[in-house]
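This is the structure, below, for whatever I ask next.
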Amino acid sequence: MDATRIASTTNVDIEATGVRVPNTPQDAHPRNPEDANVHLETKDVHIWFGQRLIIEKVNLSFPENSVTALIGPSGCGKSTFIRTLNRMHEFIPGAALAGQILYDGKDIYDAHVDPVDIRVQIGMVFQKPNPFPSMSIKENVLSGLHLAQIKYENPDEIVRNCLERASLWTEVKDRLNASASSLSGGQQQRLCIARALAVNPKVLLMDEPCSALDPGSTRRIEGTIKELSQEMTIVIVTHNMAQAQRVSDYTAFFLAEEGAPAQVVESGRTDEIFMRPKDPRTNDYVNGLFG
Amino acid sequence: MSSSTLEVPGNTPTPRYFGREKSRTKSDKLFSGSIIVAALSSLFVLTAILIYLGSNSWPVLVEQGISFVTGSEWSTTDGVEVFQIWPMLYGTLLNAIIGLVIAVPVSVFLALFIVFLAPRNLSKVLTVVIDILAAIPSGIIGLWGFLVFTDTAAGWGQLLNQYLGWIPLFANDQNQFARSPFIAGWVLAIMIIPIITVVSREVLAQTPQELLDAARGLGGSLSGSIRMVALPHARGGIVGGVMLGLGRALGETIAIYFVLNLIFDVNIYKILNPEGGAIASMIVAKFGEATPNEINALLGAGLILFIMTLFVNLAANYIVKRSQREKLI
Ligand SMILES: Nc1ncnc2c1ncn2[C@@H]1O[C@H](COP(=O)(O)OP(=O)(O)OP(=O)(O)O)[C@@H](O)[C@H]1O
Ligand SMILES: [Mg+2]
């Protein structure tokens, strides 16, 4: 399979071009398509809650060190889908899955794969900020290392580095021992990003990480995402079309028709999806005509 | 010259602090009125009991002096009345401690099992079973302890003594293993395990899903997530459950009366010896044939038990407050 191809095999069979062109001239790390190894890939993924099929036949590839945006109307199953990518889906009673999710070519749902390992390598930032309220800011940043039992030296350096990358450092550097619940909602979300970075994941899944943030912090998080994408693969769910265009290299559009499970209507390079969508529904959605 | 800035002293307005919001609507007023009445009446009952116990036992307490609580003799023979309850007072605490040492780990693990590990159907069944167990009257448990359980537990005691007898705690001077504080502790544990489990299960099940998600999403194992998220979240509630259990253990009367020898000679640590004490059980044991003065002494013992329970609760509260400040990492 063509490594750079990111295409949905559902409704519309688009031929994504094999050439990856930087979105903007400022794109910090243009690459030759040959370098873009597929890192994470879903094959015919179907997702259920109980008897209800939520998502049908999703085939997506996430090339190494790229940013992929998942867009689509509320309730269509973006959070559900992203949670299957690091095996968080299975914690929900009645949750079920069919198909394969390949990480470096291996199915993460294979019987002998330890899900805990998968979650260390494929980190997650959730839709709602969820810092540990009984821990201090500093402890929160280090919590993942303790949970995943990763040994470390220089805690202060790790804390500073992660908080800086999550653009929270200057705001909290004088109260690292304060409780995490004393932070504002937006600060809590950035703390969660710092916490996720501390364990050094190879893939970072972000479910609407900016939905609680002001425009300033949103911009800073977007900068962080751009920077991080030099060293990790990022999948981000967003309702903000401008944001998808600013940060992502690829975009996948999820849509559930009335009463039917959601499918990927169209996916491919972000500039293509936004400038020259092939499906009229994509066109309507990205231009704010529905959803 | 400068226009008014924040630094100009006289210009800072006085801050207004807020207490609780006052009730304004009629239903709110009725509601808070009845709550206040309920709260005050429970205080009133408490005070009334204290006054009754205190006033009736006061003469005896004064007569016996401090040795009422520090001495170890209880006799009404030859017209000399000596009332001293130290072995009973100490025994009450010892039984409760043995009970807690057994019950707390069992209850917390049981609750964790029900909430996080058991298949969903099993956990529903266990929940119902434990709710029912929590409602069994202590007399029934005491009777069962006396008729059925004593022999088993005495066997355990004997084993402990056989293999760990070199530890003073498990020594036995009398080569008889029934009716010991060890067995009383077990019976108490069996009584309070359901209580502590019910409360712990309830608070553990309330652990916010998003915090568990966070922990699992960071690569935490189940045990790691429980340790770093669920237990800190539930700690206050679990301690509350332990306090409930402790309260029941300290005041337990009939069950202990069935399974423990009450001896007026303090048994400090030899928990396998058939000698122990418990204030509440002693009151029951002596009440039937007590002289008038002795009855007042028993009321005094009740007063002491009451005060001790109060102090144990205060101390436990203090410990909880302190432990909440303790670092997690
Ligand atoms: N725990 C659950 N049990 C059953 N159904 C669920 C559960 N969680 C989500 N769903 C259903 O799955 C569908 C997809 O939900 P999901 O949260 O993935 O949507 P979403 O695309 O992330 O929406 P939003 O943009 O509002 O966050 C919804 O119809 C929802 O009702
Ligand atoms: Mg969502």
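Using the structure shown, list the pairs from A:128/A:151; A:128/B:26; A:151/A:226; A:57/A:278; A:43/A:138 with a Cα-Cα distance above 31 Å, or answer none.
Check vs 31 Å cut-off fails for A:128/B:26; A:43/A:138.
For chain A, what is the calculated [θ] at 222 nm in deg cm²/dmol (nearest 500), taking -39500 (n - 2.57) for each run of four or more DSSP H residues and dividing by its residue count?
It comes out at -8500 deg cm²/dmol, rounded to the nearest 500.
Tell me, what HN-Hα J-couplings in whole Hz come from the Karplus equation 6.51 cos²θ - 1.76 cosθ + 1.60 at θ = phi - 60° for each residue of region A:78-84, using x for Gly and Pro?
Per-residue couplings from phi come out as 5, 5, 4, 5, 5, 6, 6 Hz.
At residue A:46 and residue A:156, where each label point lies 7 Å from the Cα along Cα→Cβ, what is the point-to-point distance in nanometres?
5.7 nm
Residues of region A:226-267 with amide nitrogen under 20 Å from the 7 Å Cα-to-Cβ point of residue B:210?
Within reach of a label on residue B:210, which here means backbone N under 20 Å from a point 7 Å along Cα→Cβ, region A:226-267 contributes A:236-240.
Continuing with this model, one more query. Applying the Karplus parametrisation 6.51 cos²θ - 1.76 cosθ + 1.60 with θ = phi - 60° to the phi angles of region A:92-107, what ³J(HN,Hα) value in whole Hz is obtained for each residue in order, glycine and proline being reported as x?
For region A:92-107, the Karplus-derived couplings read 7, x, x, 6, 9, 8, 9, x, 10, 10, 9, 10, 6, x, 10, 6 Hz, x marking Gly and Pro.
Pull up the DSSP beta bridges for the protein assembly as shown and report the antiparallel fraction as a percent, rounded to 5.
Expressed as a percentage, antiparallel bridges in the protein assembly as shown total about 60.
Return the lysines within reach of residue B:270: Cα separation strictly under 29 angstrom, same-chain partners fewer than 8 residues apart disregarded; answer none if there are no such residues.
The qualifying lysines are B:286.
In region B:250-273, whose amide N lies under 19 Å from the spot 7 Å out along Cα-to-Cβ of residue B:169? List them in ranges.
Answer for region B:250-273: B:267-273.
On to the next question. Any idea how far apart residue B:58 and residue B:118 come out in nm if each label point goes 7 Å out from Cα toward Cβ?
My value for the distance between the label points is 5.3 nm.
Quote the FRET efficiency, to the nearest 0.05, computed for residue A:96 versus residue A:284 with a Förster distance R0 of 35 Å and r equal to the Cβ-Cβ distance.
Step by step, r from the Cβ atoms, then E = 0.65.
For a bin width of 5 Å, list the pair-distance distribution of region A:35-286 built from all Cα-Cα distances, rounded to whole %.
1, 6, 14, 17, 19, 16, 13, 8, 4, 1, 0
For region B:151-241, state which chymotrypsin sites (Phe, Trp or Tyr not before Pro) are in a DSSP loop and have at most 16 other beta carbons lying within 10 Å of their beta carbon.
The qualifying sites are B:166.
Go ahead and estimate [θ] at 222 nm for chain B from helices alone: -39,500 (n - 2.57) per DSSP H run with n ≥ 4, summed, over the residue count, rounded to 500.
-21500 deg cm²/dmol
Right, something else. Any idea what log10 I(q)/I(0) is at q = 0.17, 0.22 Å⁻¹ for region B:195-323, Debye with uniform C-alpha scatterers and no solvent?
-0.96, -1.24
Scanning chain B for GluC sites (Glu not before Pro) in DSSP loops with at most 10 other Cβ atoms within 10 Å, what's the longest stretch left with none?
No qualifying site falls inside B:22-288, the longest such stretch.
Would you kindly state how much longer the chain becomes between residue B:51 and residue B:109 on full extension, computed as 0.36 nm times their sequence separation minus their alpha carbon distance, in nm to one decimal?
Difference between extended and current length: 16.7 nm.
To continue, here is another question. Could you compute the net charge surrounding residue A:261? Neighbours are other residues with a C-beta less than 14 Å from the C-beta of residue A:261; K and R count +1, D and E count -1.
Computed value for this residue: -1.
In vacuo Debye scattering of region B:123-162, one point per C-alpha: log10 I(q)/I(0) at q = 0.22, 0.27 Å⁻¹?
With one equal scatterer per Cα and no solvent, log10 I(q)/I(0) is -0.76, -0.82.
Now for a different question. Give the average, rounded to an integer, of partner chain Cβ atoms located within 10 angstrom of each Cβ in A:111-119.
Counting other chains' Cβ atoms within 10 Å and averaging over A:111-119 gives 2.
What FRET efficiency, computed as 1/(1 + (r/R0)^6) with R0 = 56 Å and r the Cβ-Cβ distance, is obtained for residue B:28 and residue B:151, rounded to the nearest 0.05?
So the FRET efficiency works out to roughly 0.40.
Please state the relative contact order of chain B as a whole percent: Cα pairs under 8 Å, 6+ residues apart?
Reported relative contact order: 26 percent.
Is chain B best put as rounded, prolate or oblate by its Cα gyration tensor, with a ≥ b ≥ c the root eigenvalues, rounded for a/c under 1.5, and otherwise prolate when a/b is larger than b/c, oblate when not?
Note, shape of chain B comes out oblate.
Counting other Cβ atoms within 10 Å of each Cβ, which chymotrypsin sites (Phe, Trp or Tyr not before Pro) in region B:239-302 have at most 13 and sit in a DSSP loop?
B:269
Quick check on the protein assembly as shown: take the gyration tensor over C-alpha atoms, sort the square-rooted eigenvalues as a ≥ b ≥ c, and tell me if it's rounded (a/c under 1.5), prolate or oblate.
prolate
Please report the spacing between the Cα centers of region B:167-184 and region A:214-248 in Å, no decimals.
69 Å
Let me ask you something else. How many percent of Cα pairs in region B:20-110 exceed 20 Å?
Summing the P(r) of region B:20-110 above 20 Å gives 67 percent of all pairs.
Which distance in Å, rounded to a whole number, links the C-alpha centroids of region B:54-132 and region B:271-317?
Answer, in whole Å: 10.
Report the chymotrypsin sites (Phe, Trp or Tyr not before Pro) located in region A:121-170 that are in a DSSP loop and have at most 15 other Cβ atoms inside 10 Å of their Cβ, or state none.
Answer by residue number: A:152.
What is the mean projected area of the alpha carbon convex hull for region A:28-162, to one decimal in square nanometres?
Over all viewing directions, region A:28-162 projects a mean Cα-hull area of 11.0 nm².
Any idea how far apart residue B:135 and residue B:39 come out in nm if each label point goes 7 Å out from Cα toward Cβ?
3.1 nm
What shape does region B:85-148 take by its C-alpha gyration tensor, where a ≥ b ≥ c are the square roots of the eigenvalues and a/c under 1.5 counts as rounded, a/b above b/c as prolate, and the rest as oblate?
oblate
Which longest uninterrupted range of chain B lacks any trypsin sites (Lys or Arg not before Pro) assigned by DSSP to a loop state (not H, G, I, E or B) and surrounded by at most 13 other Cβ atoms within 10 Å?
Here the longest segment lacking exposed loop sites spans B:25-324.
The numbers here are math on the coordinates, done by the rules we state, and not lab data. Just so it is clear, the model here is predicted, and its values are computed rather than measured. Every residue, glycine among them, receives a Cβ derived from its backbone with ideal geometry; neighbour counts consider all protein chains shown.
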